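Read the structure below first, then the notes.
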Amino acid sequence: MNPESIKAKPMKIIGTAIDCNNEDILADFYANMLGWTKTFSGNGVAVVSSSEHPSLLVFQAVEHYQKPVWPWEKDKQAQMMHFDFFVENLEEAVEHAKACGAVVSDVQFFGFERGSVVLFDPAGHPFCLSAVWEEQLYAK
């Protein structure tokens, strides 16, 4: 089948599921950092959402969870995804994230001087806070 001949069907991302060792700790972290609400917790799953952003962050406890190693190292559990969050004030956002439980990575590809800082959430997932907005990357 030729992919170009297939008519695209309307789809929306409704959520992102993230593996972790403790779903409630991670859900509380992101709810606090983003100002969202934890809307569900039970059976190894916790969900946070916002009325302003129609997408769910779903955290699921996984037996034998191993936090990712970043930067990448051969034969170690690598990151499989990470969030990039746009912020107006990078310094204030980093301090807020740290107060919520994030840890600033020792390794930075860009850093404050280039407008993007790498941090780790309580489960060890790397994420970026960035004051750089790339308008050309978004569909019109």
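State whether the stretch 66-140 is rounded, prolate or oblate according to the following rule on the C-alpha gyration tensor (a ≥ b ≥ c being the square roots of its eigenvalues): a/c under 1.5 gives rounded; otherwise a/b larger than b/c gives prolate, and the remaining case gives oblate.
oblate
With the chain treated as a Gaussian network of Cα nodes joined by springs under 10 Å, which of ALA123, ALA17, ALA27 yields the largest mean-square fluctuation?
Checking each option, the largest mean-square fluctuation is seen for ALA17.
Out of all DSSP beta bridges with both ends in the chain, state the antiparallel percent to the nearest 5.
In the chain, DSSP labels about 60 percent of beta bridges as antiparallel.
In deg cm²/dmol, rounded to 500, what helix-only [θ] at 222 nm does the chain give when every DSSP H run of at least 4 residues adds -39500 (n - 2.57) and the total is split over its residues?
Calculated mean residue ellipticity at 222 nm is -5000 deg cm²/dmol.
From the convex hull of the Cα coordinates of the stretch 9-64, what is the mean projected area in square nanometres?
Orientation-averaged projected area of the Cα hull: 4.5 nm².
For the stretch 15-140, what is the charge dipole size about the Cα centre, in debye to the nearest 20, if Lys and Arg each add +1 at the Cβ and Asp and Glu each add -1 at the Cβ?
Its charge dipole is roughly 240 debye.
Once fully extended, how much extra length lies between GLU134 and GLU73, figured as 0.36 nm per residue of separation less the alpha-carbon to alpha-carbon distance?
That pair, GLU134 and GLU73, stretches by 19.1 nm at full extension.
Give, in nm to one decimal, the length gained when the segment between ASP24 and SER50 is fully stretched (0.36 nm per residue of separation minus the Cα-Cα distance).
Full-extension gain reported as 7.7 nm.
Read through the labelled values (i) 18.7; (ii) 8.3; (iii) 11.7 and report the label of the one computed as mean projected area of the Cα convex hull in nm² from the structure.
(iii)
All of the numbers you see were taken from the coordinates with simple rules; none came from a lab. If you're wondering where the values come from, they're calculated on a predicted model, not measured in any experiment. Cβ sites come from the backbone with ideal geometry, for glycine too, and all protein chains shown count toward neighbours.
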